[in-house]
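Step one of this worksheet: look at the structure below.
The values are calculated or read from the model by the stated rules, or taken from the named source; none is laboratory data. In this text the structure is predicted, and so the values were computed from the model without any measurement. Cβ coordinates were reconstructed from backbone atoms using ideal geometry, including for glycine residues, and neighbour counts include every protein chain displayed.
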Amino acid sequence: MKSKSHNRYQRHFHLPNFSEAEQQKLTDAKVLVVGAGGLGAPLLQYLTAAGVGTIGIVDFDRVEESNLHRQILFGDADLGKLKVEVAIQKLKAHNPFVEFISHTEKLTSQNAFDIISKYDVVADGTDNFPTRYLVNDACVILGKTNVYASIFRYEGQVSVFNYLGKKKIPNYRDLHPNPPSPGTVPNCAEAGVLGVLPGIIGAMQANEVIKVITGIGEPLVGKLFVFDALTMQSRKIGFEKVQSQKPITELIDYYEFCGIRQPAVDSISKEGLKAWLNAEYPFLLVDVRTEKEHVTQNIGGVNIPFNQLDKNLKLFEGAAEVVVYCHSGFRSGKALEVLKEKFPNQKFYNLKGGIEEWY
């Protein structure tokens, strides 16, 4: 493989069992990274540095200040921006020989086949059970290898599911046939996570992706690697294909499967809100973005960051109608779920499209 990028990968060529042929496999590979957050950031950096030829990134979220202690691709200047767009801009600067494909939408049962089918390997770095089951099932049906990783507080896990699409190889459902009951396993926002942990686990996940693509080493097939950052101890837990498992033949409603009710909130258009403002209609307008985002650009109202809602509930007492907004409408939708549960007799509206739609 003699090209402009040849010198970049020279240290690979000095490795036993790693020649230019293995590097060419990386160049030819197409990898989909699901999630550009804590795990996705280091995973993407190492896959880019290793020379994976095509990398797709699925993430609809925007950069928040609370991301910065662990999501090392992002900084203060990126607050409020789409993670995928920021990531691609920075990764291109690191390796111009890699092609990046942006998927700035939520992965769902409706679009999963269309997105995942374009790639050879999927790397799942998501932080919620519905998406993990969705990724797993789509990979099984499409015959794609699923390189999985997860983090929780001080612990990380890595495994390789559905290796090369072989029917006798275990997948995520062989390890976790059923999801935990809603609310029994907190997410990172609720439970916390050591900032350096995603870097450690994300690098391990990248290592497994590279092994899968090149064929070197022994991928974590039928093995769950567990790492404890506090004790620096690790262990491998073996698991096998569950023969009695019902065949996976279609994608389902994974929120329903996990017992999670999807946000169901009323919305108000920008035209409707402008009419209320012009008529001086009595309502409470709340921006749930970060303070820095609010100062940079806002449409008025009081600023209560989403992670501070519980500390400011008194503000909503007595407000007959409340309009909540954020950048795109996602965070405000989540905020309305919280508020409607706390104040069931009050009316709450989500600004459709958020401030992005407003301007």
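Please tell me if Glu293 is within 22 Å of Ala77 (Cα to Cα) and in the same structural domain as Tyr349 (by TED's automatic domain parsing).
Taking the combined requirement at face value, the residue satisfies it.
Yes or no: Leu285 farther than 27 Å from Ser181 by Cβ and at pLDDT 95 or above?
Considered against the rule, which asks whether it is farther than 27 Å from Ser181 by Cβ and at pLDDT 95 or above, Leu285 comes out as no.
Failed condition for Glu337, given (1) buried (at least 22 other Cβ atoms within 10 Å of the Cβ); (2) modelled with pLDDT under 90, with all others met?
(1)
Could you tell me whether any residue of region 72-85 is out of contact with any strand residue (DSSP E or B) (no Cβ under 7 Å at 6 or more places or on another chain) and within 26 Å of Glu256 (Cβ to Cβ)?
no
Which of the residues belonging to region 46-60 are surrounded by fewer than 22 Cβ atoms within 10 Å (Cβ to Cβ) and modelled with pLDDT under 95?
Phe60
If you go through region 59-67 one residue at a time, do you hit one that is in contact with a helix residue (DSSP H, G or I) (Cβ under 7 Å, 6 or more places away or on another chain) and free of Cβ contacts under 8 Å to residues at least 60 places away in the same chain?
Taking every residue of region 59-67 in turn, at least one turns out to be in contact with a helix residue (DSSP H, G or I) (Cβ under 7 Å, 6 or more places away or on another chain) and free of Cβ contacts under 8 Å to residues at least 60 places away in the same chain.
Quick check on region 137-147. Is at least one of its residues within 24 Å of Val196 (Cβ to Cβ), buried (at least 17 other Cβ atoms within 10 Å of the Cβ), among the polar types (S, T, N, Q) and in contact (Cβ under 8 Å) with a residue 60 or more places away in the chain?
no
Those residues that are under 13 Å from the mean Cα position of the chain (by Cα) and under 17 Å from Lys106 (Cβ atoms), I need them from region 61-86; list them, please.
Residues satisfying the conditions are Asp61, Arg62, Val63, Leu82, Lys83, Val84.
Given the criteria touching a strand residue (DSSP E or B) at 6+ places or on another chain (Cβ under 9 Å), at pLDDT below 95 and of a type in the set (A, V, I, L, M, F, W, C), does Phe100 qualify?
For Phe100, the condition - touching a strand residue (DSSP E or B) at 6+ places or on another chain (Cβ under 9 Å), at pLDDT below 95 and of a type in the set (A, V, I, L, M, F, W, C) - is not met.
Taking only region 282-301 into account, find how many residues are without any contact (Cβ under 8 Å) to a residue 40 or more places away in the chain, surrounded by 12 or more Cβ atoms within 10 Å (Cβ to Cβ) and more than 27 Å from the chain's Cα centre (by Cα).
Residues in region 282-301 being without any contact (Cβ under 8 Å) to a residue 40 or more places away in the chain, surrounded by 12 or more Cβ atoms within 10 Å (Cβ to Cβ) and more than 27 Å from the chain's Cα centre (by Cα): 2 in total.
For the list (1) touching a strand residue (DSSP E or B) at 6+ places or on another chain (Cβ under 9 Å); (2) of a type outside the set (Gly, Ala, Ser); (3) surrounded by fewer than 18 Cβ atoms within 10 Å (Cβ to Cβ), I need the number of the one condition that Phe348 fails.
(3)
Are any residues in region 22-71 among the charged types (D, E, K, R) and within 17 Å of Glu99 (Cβ to Cβ), and if so, which ones?
Lys25, Asp28, Lys30
Given the conditions (1) surrounded by 15 or more Cβ atoms within 10 Å (Cβ to Cβ); (2) of a type outside the set (S, T, N, Q); (3) over 26 Å from Leu309 (Cα atoms); (4) at pLDDT below 95, which single one is not true for Ala275?
(1)
Out of curiosity, is Asp78 of a type in the set (D, E, K, R) and either under 21 Å from Arg132 (Cα atoms) or outside the structural domain of Gly156 (by TED's automatic domain parsing) (or both)?
No; evaluated as a whole, the condition is false for this residue.
Being surrounded by 10 or more Cβ atoms within 10 Å (Cβ to Cβ), of a type in the set (Ser, Thr, Tyr) and at pLDDT below 95, is that true of even one residue in region 252-262?
Within region 252-262, one or more residues are surrounded by 10 or more Cβ atoms within 10 Å (Cβ to Cβ), of a type in the set (Ser, Thr, Tyr) and at pLDDT below 95.
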